[in-house]
Amino acid sequence: MGRDVVFGAHVVVHDDVVIGDGVRVQDGAVLGKSAVLSPRSTAGGSTSSPLVIGEGAAICAHAILFTASEVGAGSIIGDQAIIRERVRIGEGTVIGRASCVDNDVVVGSRVRVQSNVYLTAYSTVEDDVFVGPCAMTTNDQTMARPGEDLRGATLRRACRVGGGAILLPGVEIGEEAFVAAGALVTRDVPARALVMGMPARFVREVPEDELLERG
């Protein structure tokens, strides 16, 4: 445990948890939880490494962080959020209230995940991505039938996904692309494309003045 760590009431810290300097852990948070898996679960990888929380991070009330994951310096894990095992979260990222980051997900730095988002297992979210409230990613094309590997979503640098959007298994959202609220994304979205609708269709390119690299 580092220096100047602050704990709220009724926090649970299991074995193999590394807490950096200046971390704040609010009431009722659980750190280093072990997974309980179904015999048919695909999430049975190694959990021998510790949960590591970087300096200056904040773990808010009743959040649950599983073992073998990493939370980058200065990141915020919101109230009631769940971070499953073998997750990697970069620096300065915010995971919103009651969002779930499933096992084996990589989230970059300066990402903004709003409330009630589901990032499915085996997804990749690159730096500076925005994910709106109640957006959902999926990874199981056959819905629990055998014969196909699980494929999470890939969200490339600085793309934006609107509230309530649904991404089907294996979909890639290109760099600086924009997915409108409520869209159903059934295929890859090219870089800088703006898509909307059910199913999502190309409307136009994201204008130059909205590109993060020009901000």
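Results for (1) among the aromatic types (Phe, Trp, Tyr); (2) in contact with a Phe, Trp or Tyr (Cβ under 6 Å, 6 or more places away or on another chain); (3) surrounded by fewer than 22 Cβ atoms within 10 Å (Cβ to Cβ); (4) farther than 30 Å from GLU148 by Cα, shown as yes or no for each residue.
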residue: HIS10; (1), (2), (3), (4): no, no, yes, yes
residue: VAL18; (1), (2), (3), (4): no, no, yes, yes
residue: GLY22; (1), (2), (3), (4): no, no, yes, yes
residue: VAL25; (1), (2), (3), (4): no, yes, no, yes
residue: GLY45; (1), (2), (3), (4): no, no, yes, no
residue: SER75; (1), (2), (3), (4): no, no, no, yes
residue: GLY92; (1), (2), (3), (4): no, no, yes, yes
residue: VAL101; (1), (2), (3), (4): no, no, no, no
residue: TYR118; (1), (2), (3), (4): yes, no, yes, no
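The single condition among (1) open to solvent by 10 Å² or more (accessible area, probe 1.4 Å); (2) more than 21 Å from ARG151 (Cα to Cα); (3) more than 11 Å from the chain's Cα centre (by Cα); (4) not small (Gly, Ala, Ser) that LEU65 does not satisfy is (1). Of all the residues in region 185-201, those that are under 18 Å from ALA158 (Cα atoms) and either without any contact (Cβ under 8 Å) to a residue 12 or more places away in the chain or not in a loop (DSSP other than H, G, I, E, B) (or both) number 6. Take the conditions (1) open to solvent by 30 Å² or more (accessible area, probe 1.4 Å); (2) among the polar types (S, T, N, Q); (3) within 21 Å of ARG112 (Cα to Cα); THR142 misses just one of them, which is (3). Could you tell me whether region 146-167 includes any residue that is over 19 Å from GLY78 (Cβ atoms), among the hydrophobic types (A, V, I, L, M, F, W, C), in a loop (DSSP other than H, G, I, E, B) and free of Cβ contacts under 8 Å to residues at least 24 places away in the same chain? Checked region 146-167: no residue is over 19 Å from GLY78 (Cβ atoms), among the hydrophobic types (A, V, I, L, M, F, W, C), in a loop (DSSP other than H, G, I, E, B) and free of Cβ contacts under 8 Å to residues at least 24 places away in the same chain.
The values are calculated or read from the model by the stated rules, or taken from the named source; none is laboratory data. Remember, predicted model here, so these are calculated numbers, not experimental data. All Cβ positions, even for glycine, are placed from backbone atoms using ideal geometry, and neighbour counts span all protein chains on display. Heavy atoms of the whole protein, side chains included, go into the accessibility calculation; ligands, DNA and RNA do not. Shrake-Rupley method; radii C 1.70, N 1.55, O 1.52, S 1.80 Å.
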